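*Asks:* Sending over a structure as structure tokens; questions will come in a sec.
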Amino acid sequence: MGKVSNYEEALDFIHGRHKFVKYPTLKRMRRFAELLGNPQEKLSMIHVTGTNGKGSVTAYLRDLLLGEGYDVGTFTSPFIEKFNERISMNGKMVSDETILSLVQEVRPVVDQLDIEFKEAGGGPTEFEVITAMMFLYFSKHQPDFLIVEVGIGGTYDATNIIQPLISVITSVGMDHMQILGNTLAAIAENKAGIIKKNVPVICGKLLPEVQDIIKQKSESMNADLYLFERDFFATAKQLPNFWGETFDYRFKDHLLKNAQIQMVGDYQIENASVALTAFLVLLEQRSPFVPMNQLNRYLRRTIWPGRFEKLVDEPLIVLDGAHNLPAMQGISRTLKTKFNSRKIYVLLAVLKDKQFNEMIAELEKLPNVTLVLTTFDAPRATFKREELDAKWANISMYEKWNDALLTLINNMEADDMLLITGSLYFVSEVRKYFK
């Protein structure tokens with residue numbers, strides 16, 4: 001590829017890089033950072049990994065810190081509407097011009113690394129290039145805090161060259177097994193790879209076998225460990241006709257009553273609690289005073305596109321990027337507890353490398369749900385009809401999601417609900433249709 005001279009060419013350069021390498025290593029990323037002057041060493045960071053909940057925890061933590069007047073950078077994936085969202089300052093994505101200038105700056109280094117690592121698996125991956133661009137951008141703009149979301153896993157993720165102030169593990173479940181391993185223990189070991197010496201660790205709800213692995217790693221690193229339902233607690237409260245969740249939160253001598261969040265689902269209470277704990281541990285490092293009376297206001301501001309996002313009131317149309325079995329189990333609980341009196345249609349599209357049969361089974365348990373399957377213009381293959389279990393033969397499937405959507409909307413009553421789910425990439429594509 002020749003000279004990169006505009007935004008479209010910059011994106012082509014980024015997306016033209018290979019996605020994965022056969023043998024995981026941080027050597028290439030460390031060398032990349034070294035050639036850029038180690039920009040990551042100039043930043044105060046919070047590192048966030050987890051099977052589900054990374055984006056929501058990042059959003060809650062961002063808004064808590066913004067509420068206290070800090071400048072906050074975020075690095076997230078995937079994007080919902082535009083690539084630039086992945087690198088944001090104070091909730092605003094960087095400009096097209098910024099993306100172009102960052103690509104132009106890293107391009108010569110990428111060319112050099114392609115030569116250096118030619119015999120060792122190849123030069124930087126797409127995610128490594130984006131990560132390097134992010135470090136470079138924030139080293140120049142110096143936010144008070146930078147929240148860095150792991151791409152996949154932890155141990156060999158490109159972001160794992162940092163020395164954070166706090167490490168966060170939101171959840172550990174079965175996902176990305178082809179990369180992280182086929183057992184919960186292997187996945188937990190990988191995510192525990194972000195735990196650093198003497199750096200506090202905050203975790204969401206974990207299964208006992210996962211908790212044991214995280215505890216062992218934390219102890220070996222002399223890292224203080226804070227676990228949901230052991231060290232910090234949240235009690236859900238029911239408010240009729242409230243779109244969102246209400247809960248009481250407790251950590252040490254900190255108590256927050258009737259906290260309200262706009263995002264729906266019991267897992268969002270957990271995500272908000274993890275973010276609150278990270279926020280409190282972070283501020284305790286800097287100041288003995290924490291403004292508990294203000295935190296409700298900050299939490300109520302948080303929205304995160306594609307997470308049980310309401311698009312239309314009548315009939316109720318909701319988007320959720322639940323893209324694996326643990327996330328779909330959370331969706332199933334929400335539908336059962338909050339929407340059990342409605343007739344619910346679910347339009348589902350899932351990537352082929354996910355547990356799609358198990359995800360379908362989770363939704364099929366609900367008596368008031370009518371499931372419709374479809375495909376979309378995905379970055380990787382979606383499941384095909386012939387790959388489904390024979391027991392799903394009677395479920396309708398549409399090749400084009402637009403056709404399925406129009407058919408469903410035409411059949412719905414005003415008090416019915418339509419949930420569009422199965423992949424963040426899918427809900428991103430559908431969201432553009434409604435916007």
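*Asks:* Evaluate segment 406-428: report whether one residue or more is touching a Gly at 6+ places or on another chain (Cβ under 6 Å), closer than 25 Å to PRO78 by Cβ and part of a loop (DSSP other than H, G, I, E, B). Quick ask: steps written out before the conclusion?
*Replies:* Taking segment 406-428 first, the residues touching a Gly at 6+ places or on another chain (Cβ under 6 Å) are 424, 427.
Narrowing the set further to residues that are closer than 25 Å to PRO78 by Cβ leaves 424, 427.
From what's left, part of a loop (DSSP other than H, G, I, E, B): none.
No.
*Asks:* Moving to a separate point now. What are the residues in segment 1-15 that are in a helix (DSSP H, G or I) and charged (D, E, K, R), if any? Steps first, answer last, please.
*Replies:* Step one: list which residues in segment 1-15 are in a helix (DSSP H, G or I), which gives 7-15.
Once the filter is applied, which keeps residues that are in a helix (DSSP H, G or I) and charged (D, E, K, R), segment 1-15 yields GLU8, GLU9, ASP12.
*Asks:* Among the β-branched types (Val, Ile, Thr) and open to solvent by 30 Å² or more (accessible area, probe 1.4 Å), is that true of ILE99? Before you say what the answer is, go through the steps one by one.
*Replies:* Details: among the β-branched types (Val, Ile, Thr): yes; open to solvent by 30 Å² or more (accessible area, probe 1.4 Å): no.
Against the criterion (among the β-branched types (Val, Ile, Thr) and open to solvent by 30 Å² or more (accessible area, probe 1.4 Å)), ILE99 does not qualify.
*Asks:* Answer with yes or no whether THR58 is buried (at least 22 other Cβ atoms within 10 Å of the Cβ), within 15 Å of ASN90 (Cβ to Cβ) and of a type in the set (S, T, N, Q). Walk me through it before giving the result.
*Replies:* Numbers: buried (at least 22 other Cβ atoms within 10 Å of the Cβ): yes; within 15 Å of ASN90 (Cβ to Cβ): yes; of a type in the set (S, T, N, Q): yes.
Spelling it out, THR58 is indeed buried (at least 22 other Cβ atoms within 10 Å of the Cβ), within 15 Å of ASN90 (Cβ to Cβ) and of a type in the set (S, T, N, Q).
*Asks:* List, please: which pairs have Cβ atoms under 7 Å, are six or more places apart or on different chains, and start with a residue in segment 351-373 that is in contact (Cβ under 8 Å) with a residue 40 or more places away in the chain and under 19 Å from MET174 (Cβ atoms) and end with one that is outside any loop (DSSP other than H, G, I, E, B) and open to solvent by less than 10 Å² (accessible area, probe 1.4 Å)?
*Replies:* What qualifies is MET359/MET328.
*Asks:* Across segment 404-435, what is the total count of residues that are open to solvent by 80 Å² or more (accessible area, probe 1.4 Å) and over 20 Å from the mean Cα position of the chain (by Cα)?
*Replies:* Let us first name the residues in segment 404-435 that are open to solvent by 80 Å² or more (accessible area, probe 1.4 Å), namely 406, 410-411, 413, 415, 425, 432-433, 435.
Pick out the ones that are also over 20 Å from the mean Cα position of the chain (by Cα) and you get 406, 410-411, 413, 415, 433, 435.
Going through segment 404-435 one residue at a time, the tally reaches 7.
*Asks:* Is it the case, given these coordinates, that ILE162 is within 23 Å of VAL129 (Cα to Cα) and at pLDDT 95 or above? Before the answer, list the steps.
*Replies:* Values: within 23 Å of VAL129 (Cα to Cα): yes; at pLDDT 95 or above: yes.
Answer is yes for this residue.
*Asks:* Restricting to segment 204-223, name every residue that is in contact with a helix residue (DSSP H, G or I) (Cβ under 9 Å, 6 or more places away or on another chain) and open to solvent by 90 Å² or more (accessible area, probe 1.4 Å).
*Replies:* Those that are in contact with a helix residue (DSSP H, G or I) (Cβ under 9 Å, 6 or more places away or on another chain) and open to solvent by 90 Å² or more (accessible area, probe 1.4 Å): LYS205, LEU207, GLU209, GLN216.
*Asks:* Looking only at segment 237-251, count how many residues are at pLDDT below 95 and open to solvent by 60 Å² or more (accessible area, probe 1.4 Å).
*Replies:* 7
*Asks:* Now a separate question. Which of the residues spanning segment 74-100 are of a type in the set (Asp, Glu), closer than 25 Å to ALA378 by Cα and modelled with pLDDT of 95 or more?
*Replies:* Going residue by residue through segment 74-100, those that are of a type in the set (Asp, Glu) are 81, 85, 96-97.
Okay, now just the ones that are also closer than 25 Å to ALA378 by Cα, so 81, 85, 96.
Correct list: GLU85, ASP96.
*Asks:* For segment 209-256, how many residues are in a strand (DSSP E or B), closer than 14 Å to ILE169 by Cβ, among the hydroxyl-bearing types (Ser, Thr, Tyr) and without any contact (Cβ under 8 Å) to a residue 40 or more places away in the chain?
*Replies:* 0
*Asks:* Oh, and also: Does any residue of segment 276-283 turn out to be in contact (Cβ under 8 Å) with a residue 40 or more places away in the chain and touching an Asp or Glu at 6+ places or on another chain (Cβ under 6 Å)? Give the steps one after another, and end with the answer.
*Replies:* Taking segment 276-283 as the starting set, the residues that turn out to be in contact (Cβ under 8 Å) with a residue 40 or more places away in the chain are 276-279, 281-283.
Pick out the ones that are also touching an Asp or Glu at 6+ places or on another chain (Cβ under 6 Å) and you get none.
Scanning segment 276-283, I find no residue that is in contact (Cβ under 8 Å) with a residue 40 or more places away in the chain and touching an Asp or Glu at 6+ places or on another chain (Cβ under 6 Å), so the answer is no.
*Asks:* Somewhere in segment 31-41, is a residue of a type in the set (Gly, Ala, Ser), open to solvent by 20 Å² or more (accessible area, probe 1.4 Å), within 29 Å of CYS203 (Cβ to Cβ) and at pLDDT 95 or above?
*Replies:* No, every residue in segment 31-41 fails to be of a type in the set (Gly, Ala, Ser), open to solvent by 20 Å² or more (accessible area, probe 1.4 Å), within 29 Å of CYS203 (Cβ to Cβ) and at pLDDT 95 or above.
*Asks:* Of the conditions (1) surrounded by fewer than 20 Cβ atoms within 10 Å (Cβ to Cβ); (2) outside any strand (DSSP E or B), PHE279 clears all except one; give me its number.
*Replies:* Condition not satisfied by PHE279: (1).
The values are calculated or read from the model by the stated rules, or taken from the named source; none is laboratory data. What you see is a predicted model, and the numbers here were worked out from it, not measured in a lab. Cβ coordinates were reconstructed from backbone atoms using ideal geometry, including for glycine residues, and neighbour counts include every protein chain displayed. To get the accessible areas, we keep the full protein, side chains included, count just its heavy atoms, and leave off ligands, DNA and RNA. Shrake-Rupley method; radii C 1.70, N 1.55, O 1.52, S 1.80 Å.
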